[in-house]
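Here is the structure we will look at, set down as structure tokens.
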Amino acid sequence: MDEQEFMAAADAELARIEAALEAASDSGAADFDFELKPGGIIEIEFENGSKIIINRHAAAREIWLAAKSGGFHFRPEGGRWLGTRDGEELMVALSRAVSQQAGTSVSL
């Protein structure tokens, strides 16, 4: 995958994440705010002041997730974004991190 293909795939996944966060926020399931920042970064801030940062990393061709529970890297494989350590899907890992930091179950 070249850089242009990666950027298109990463931007599509970030848009998918943004839509899922919007739906979860609108449902009132958890109290958090999020913002899409320039450069392919999504910042999620929780009522308790903690944050989750999601960003694309073009050099590594990965999407990175930074949460209280740790840092995670995801690569595109077969139309999905899978963790480089354990093969976990990005949205599953993000749902878990959001749930932990929001203090309530959130499914994205």
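We did not get these values from a lab; they are worked out from the coordinates using the rules stated. In this text the structure is predicted, and so the values were computed from the model without any measurement. Cβ: placed from backbone, ideal geometry, glycine included. Neighbour counts: every protein chain shown.
For the reader, a short list of remarks on this structure follows.
- Test: residue in the stretch 77-94 that is in contact with a Leu (Cβ under 8 Å, 6 or more places away or on another chain), over 17 Å from residue 14 (Cβ atoms), not hydrophobic (A, V, I, L, M, F, W, C) and not in a strand (DSSP E or B): yes
- All positions within the stretch 72-84 that are free of Cβ contacts under 8 Å to residues at least 60 places away in the same chain and either surrounded by 15 or more Cβ atoms within 10 Å (Cβ to Cβ) or within 18 Å of residue 95 (Cβ to Cβ) (or both): 72, 73, 74, 75, 80, 82, 83
- Hits in the stretch 52-71 (condition: buried (at least 20 other Cβ atoms within 10 Å of the Cβ) and of a type in the set (Val, Ile, Thr)): 52, 54, 63
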